[in-house]
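Participant: The structure is given below, and queries will be raised subsequently.
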Amino acid sequence: MDFLKELFRFLKIRKKFWMIPLIAILLILGLLVVLTETSALAPFIYSIF
């Protein structure tokens with residue numbers, strides 16, 4: 001959790017607010033990959049891409 005605190009402090013101090021959507025999209029895609037890895041929905045998710 002210290003990493004996240006430090007990351008958000010960096011974004012706040014350096015005024016890098018444009019990076020927040022980028023980080024959010026990467027986290028969502030990573031979560032999608034992890035969750036669909038072993039689920040029955042995997043073939044449907046892979047057909048989207």
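Participant: Could you state how much accessible area Lys15 has, in square angstrom rounded to the nearest 10, with a 1.4 Å probe and all protein chains kept in place?
Facilitator: For Lys15, the solvent-accessible surface is approximately 140 Å².
Participant: For the chain, give the magnitude of the charge dipole about the Cα centre (Cβ charges: +1 Lys/Arg, -1 Asp/Glu; no others), in debye to the nearest 20.
Facilitator: With Lys and Arg at +1 and Asp and Glu at -1, about 460 debye.
Participant: Rounded to the nearest 0.05, what FRET efficiency do Glu6 and Phe44 give with R0 = 25 Å and r taken as the Cβ-Cβ distance? Could you check?
Facilitator: About 0.10, to the nearest 0.05.
Participant: Could you state the orientation-averaged shadow area of the convex hull built on the Cα atoms of the chain, in nm² to one decimal?
Facilitator: 4.3 nm²
Participant: Then there is this: Quickly work out the Arg14-to-Ile28 label distance, labels modelled 7 Å from Cα along the C-beta direction, and quote it in nm with one decimal.
Facilitator: Those two pseudo-labels are separated by 2.4 nm.
The values are calculated or read from the model by the stated rules, or taken from the named source; none is laboratory data. The structure presented is a predicted model; accordingly, all values stated were derived computationally and were not measured. Cβ sites come from the backbone with ideal geometry, for glycine too, and all protein chains shown count toward neighbours. Surface areas here come from the heavy atoms of the whole protein model, side chains and all, with no ligands, DNA or RNA. Shrake-Rupley method; radii C 1.70, N 1.55, O 1.52, S 1.80 Å.
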